[in-house]
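A.B. asks: Would you mind keeping the following structure in view while I ask a few things?
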Amino acid sequence: MTTKYDAIVIGTGQSGPSLAAALAGSGMNVAIIERNLFGGTCVNTGCIPTKTLVASARAAYVARNADKFGVLINGNISVDMKAVKERKDEVSGTSNKNVESWLKGTDNLTVYEGHGRFESNNTVKVGNEFLESEKIFINVGGRAFVPSFPGLEDIEYFTNSNMMDVDFLPEHLVIIGGSYIGLEFAQMYRRFGSKITVVEKGDRLIGREDNDVSETVKEIFEDEGINIRLNAECITVQKEADGSISVGVDCKDGNNKVTGSHLLLAVGRTPNTHDLGLENTGVETDERGYLKVNDKLQTSVDGIWAIGDCNGRGAFTHTSYNDFEIVTANLLNNDPRSVNDRITCYGLFTDPPLGRVGMTEQQVRESGRKALIGKRMMSRVGRARERSETYGFIKVIVDADSKEILGAAILGIEGDEAVHCLIDVMYANAPYTVIERAVHIHPTVSELIPTVLQNLEPFK
Ligand SMILES: Cc1cc2nc3c(=O)[nH]c(=O)nc-3n(C[C@H](O)[C@H](O)[C@H](O)COP(=O)(O)OP(=O)(O)OC[C@H]3O[C@@H](n4cnc5c(N)ncnc54)[C@H](O)[C@@H]3O)c2cc1C
């Protein structure tokens, strides 16, 4: 039997539910399909649980360092991993249940639980049911990429997903991947009490960032006792006789290996498009499986849109949600919003965090444009000194001629919040001089951004 809908949404990630509710609210008869956990990656295995765990890890860190603030804790500081997981499950589980009850309680919206698969350009099969619509929205997200390291098929390993089930302290967690996800797990588990080794094949951590960002994060991590192994060529994995896992990190010297009790793979993401039945449609993907879209997020088939991580135009909750806003604006509000209007911004939620917007210094240098740069170390920021957290810096780059802000990195206490004053001025299409002349509240990190902009210098 085929049921006809005005719209079908596949996946309940960070854009599908809002879109389904908006379309249903406009009077359309809508179906939404979820095969696993309502709320998708962010809610269940990504942002929310990891930031909840980061908060527990920070509490342990603060407790261990309390004496530096004149606070004495008489007794040992220990971490109850079962309680840490329970707290994470409660925060994450509440969001998951909220998404489910919201969707199931929305008028004109039918929820299907099962795997959605295209049968044709306008038909999707879920279980034994066929759903048909002239408008189909794909919000299937992604999953951890699992590389073909020799030996991997013979051992047990974690990804961000099954790491969520851990309620014990790994003795020595080896993390392959020194980028955003790997680094968040590395620091949190170090603070919980594990020994940590980060194995990265590149010559620095978070290779997409500027060198000064990578170097400072490395320094922060090493100061917390995290081992970092860079330039790890030819990674192999093997289970040792005593049950430990060894990771071969150098193809030139077979003995050059790191041995730990557990392994976490954090080497990137891959879109959930392989099992969507795309071969029954005209929807095109790129060589990595991401759905090709235009600036309105329409795929190569009229009437099929791709939103969220699976379109390769963003990899964050805020970009996925913005995709919902773009599609809704175009479909319901006659507002021609475009994904090309989006300014790149994101955070790395280590402690201290990194707030990023726009181009990196390296990208600006490579572009050859005439630019000015301002940089101030956190050791010269009152808020950071008062909190004894002086790692990092504020760095802003502007165009010397147009005065537009090209990019910024704020690595340091509250950098993930402070960066928003730059983001908003960039969205306003206003020159940096607007912030240069602004008065910000003392003592905050944002307070020093005007000062940084008053002391810009040409690139050396
Ligand atoms: C460890 C980690 C930490 C992260 N931290 C942050 C952060 O701090 N900030 C941030 O902005 N982003 C973060 N992200 C990224 C963020 O989670 C994603 O960008 C966000 O969830 C957007 O995903 P989405 O909307 O594309 O879909 P997803 O959230 O991935 O959801 C897709 C949904 O579709 C379902 N699905 C897939 N295929 C089918 C099918 N065929 N039929 C039915 N259902 C299907 C899936 O089960 C899933 O529920 C993190 C990611 C990870 C892994």
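A.B. asks: Return the residues of region 323-351 that are within 16 Å of the ligand (Cβ to nearest atom) and without any contact (Cβ under 8 Å) to a residue 24 or more places away in the chain; say none if nothing qualifies. Steps first, please.
C.D. replies: Quick first cut of region 323-351, residues within 16 Å of the ligand (Cβ to nearest atom) only: 323-328, 339, 342-351.
Within region 323-351, E325, T344 qualify.
Table: residues versus (1) surrounded by 19 or more Cβ atoms within 10 Å (Cβ to Cβ); (2) out of contact with any Leu (no Cβ under 6 Å at 6 or more places or on another chain); (3) within 18 Å of A21 (Cα to Cα).
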residue: N311; (1), (2), (3): yes, no, no
residue: G314; (1), (2), (3): yes, yes, no
residue: F324; (1), (2), (3): yes, no, yes
residue: N340; (1), (2), (3): no, yes, no
residue: V357; (1), (2), (3): yes, no, no
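A.B. asks: List the pairs whose first member sits in region 27-53 and is at positive phi, whose second member is more than 6 Å from the ligand (Cβ to nearest atom) and assigned to a helix (DSSP H, G or I), and whose Cβ atoms are under 6 Å apart, counting only residues at least 6 apart or on separate chains?
C.D. replies: G39/S95; G39/N96; G39/V99
A.B. asks: From the set of residues in region 156-199 that are of a type in the set (V, I, T) and within 23 Å of D210 (Cβ to Cβ), which is nearest to the ligand (Cβ to nearest atom)? Even if it seems obvious, please write down each step before you answer.
C.D. replies: The first filter runs over region 156-199 and keeps only residues of a type in the set (V, I, T), leaving 159, 166, 174-176, 181, 196-199.
From the residues that got through so far, the ones that are within 23 Å of D210 (Cβ to Cβ) too are 175, 181, 198-199.
Numbers: I175: 12, I181: 5, V198: 15, V199: 18 Å.
If we take residues in region 156-199 being of a type in the set (V, I, T) and within 23 Å of D210 (Cβ to Cβ), then I181 is nearest to the ligand (Cβ to nearest atom).
A.B. asks: If you go through region 357-373 one residue at a time, do you hit one that is within 16 Å of the ligand (Cβ to nearest atom), touching a helix residue (DSSP H, G or I) at 6+ places or on another chain (Cβ under 7 Å) and at pLDDT 95 or above?
C.D. replies: Within region 357-373, the subset within 16 Å of the ligand (Cβ to nearest atom) is 357.
From what is left, the residues that are touching a helix residue (DSSP H, G or I) at 6+ places or on another chain (Cβ under 7 Å) are 357.
Now narrow it down to the ones that are at pLDDT 95 or above: 357.
The answer is yes, given that some residue of region 357-373 is within 16 Å of the ligand (Cβ to nearest atom), touching a helix residue (DSSP H, G or I) at 6+ places or on another chain (Cβ under 7 Å) and at pLDDT 95 or above.
Table: residues versus (1) modelled with pLDDT of 95 or more; (2) assigned to a loop (DSSP other than H, G, I, E, B); (3) more than 14 Å from V140 (Cα to Cα); (4) not small (G, A, S).
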site: T3; (1), (2), (3), (4): yes, no, yes, yes
site: L19; (1), (2), (3), (4): yes, no, no, yes
site: L23; (1), (2), (3), (4): yes, no, yes, yes
site: C42; (1), (2), (3), (4): yes, no, no, yes
site: A57; (1), (2), (3), (4): yes, no, yes, no
site: V62; (1), (2), (3), (4): yes, no, yes, yes
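A.B. asks: Which members of region 144-178 meet the condition of being within 30 Å of K296 (Cβ to Cβ) and surrounded by 17 or more Cβ atoms within 10 Å (Cβ to Cβ)?
C.D. replies: From region 144-178, those within 30 Å of K296 (Cβ to Cβ) are 144-145; that's our starting set.
A144 - this is the single residue of region 144-178 that is within 30 Å of K296 (Cβ to Cβ) and surrounded by 17 or more Cβ atoms within 10 Å (Cβ to Cβ).
A.B. asks: I've got another one for you. Those residues that are more than 7 Å from the ligand (Cβ to nearest atom) and either surrounded by fewer than 19 Cβ atoms within 10 Å (Cβ to Cβ) or hydroxyl-bearing (S, T, Y) (or both), I need them from region 6-21; list them, please.
C.D. replies: As a first pass, look at region 6-21 and keep what is more than 7 Å from the ligand (Cβ to nearest atom): 6-9, 17-21.
Selection gives D6, S18.
A.B. asks: Can you tell me how many residues within region 442-460 are outside any helix (DSSP H, G or I) and in contact with a strand residue (DSSP E or B) (Cβ under 8 Å, 6 or more places away or on another chain)? Walk me through it before giving the result.
C.D. replies: Within region 442-460, the first condition is being outside any helix (DSSP H, G or I), and the residues that meet it are 442-445, 455-460.
Going one step further and asking which of them are in contact with a strand residue (DSSP E or B) (Cβ under 8 Å, 6 or more places away or on another chain), we end up with 445, 455-459.
Total meeting the criteria: 6.
A.B. asks: Under 9 Å between Cβ atoms, at least 6 apart or on separate chains: pull out the pairs that start in region 116-140 with a residue that is over 21 Å from D323 (Cα atoms) and at pLDDT 95 or above and end on any residue that is surrounded by fewer than 16 Cβ atoms within 10 Å (Cβ to Cβ) and of a type in the set (F, W, Y).
C.D. replies: E119/F130; T123/F130; V124/F130
A.B. asks: Of all residues being of a type in the set (G, A, S) and more than 18 Å from E100 (Cβ to Cβ) in region 26-58, which is farthest from the ligand (Cβ to nearest atom)? Just the residue, please.
C.D. replies: First, the residues of region 26-58 that are of a type in the set (G, A, S): 26-27, 31, 39-40, 46, 55-57.
When the remaining residues are screened for being more than 18 Å from E100 (Cβ to Cβ), the result is 26-27, 55-57.
Numbers: S26: 21, G27: 25, A55: 12, S56: 15, A57: 14 Å.
Out of the qualifying residues, it is G27.
A.B. asks: State which residue is farthest from E361 (Cα to Cα) when the search covers only region 419-460 and only residues that are touching a helix residue (DSSP H, G or I) at 6+ places or on another chain (Cβ under 7 Å) and aromatic (F, W, Y).
C.D. replies: Looking at the filtered set, the residue picked out is Y432.
A.B. asks: Considering only region 65-85, state which residues are charged (D, E, K, R) and in contact (Cβ under 8 Å) with a residue 60 or more places away in the chain. Lay out the reasoning, then the answer.
C.D. replies: As a first pass, look at region 65-85 and keep what is charged (D, E, K, R): 67-68, 80, 82, 85.
Within region 65-85, K68, K82, K85 qualify.
A.B. asks: Next question, about the same structure. Just to be sure, is R376 in contact (Cβ under 8 Å) with a residue 60 or more places away in the chain, in a strand (DSSP E or B) and within 26 Å of I181 (Cβ to Cβ)? Steps first, answer last, please.
C.D. replies: Working: in contact (Cβ under 8 Å) with a residue 60 or more places away in the chain: yes; in a strand (DSSP E or B): yes; within 26 Å of I181 (Cβ to Cβ): no.
It is false that R376 is in contact (Cβ under 8 Å) with a residue 60 or more places away in the chain, in a strand (DSSP E or B) and within 26 Å of I181 (Cβ to Cβ).
A.B. asks: Taking strands (runs of 3 or more DSSP E) that do not extend beyond region 195-247, which have at least 3 residues that are over 23 Å from the mean Cα position of the chain (by Cα)?
C.D. replies: Working: elements: 195-199, 227-229, 236-239.
Result: 236-239.
A.B. asks: Next question. Any idea which residue in region 402-441 is farthest from T344 (Cα to Cα), counting only those that are among the aliphatic types (A, V, I, L, M) and in a strand (DSSP E or B)? Before the answer, list the steps.
C.D. replies: So in region 402-441, the residues among the aliphatic types (A, V, I, L, M) come out as 405-406, 408-411, 413, 418-419, 422-423, 425-426, 428, 430, 434-435, 438-439, 441.
Imposing the further condition that a residue be in a strand (DSSP E or B) reduces the set to 405-406, 408-411.
On the way: I405: 13, L406: 11, A408: 11, A409: 12, I410: 14, L411: 16 Å.
Here the residue is L411.
The values are calculated or read from the model by the stated rules, or taken from the named source; none is laboratory data. Given the structure is predicted, the values throughout are model-derived calculations rather than measurements. Note that we place each Cβ from the backbone using ideal geometry, even for glycine, and neighbour counts take in every protein chain shown.
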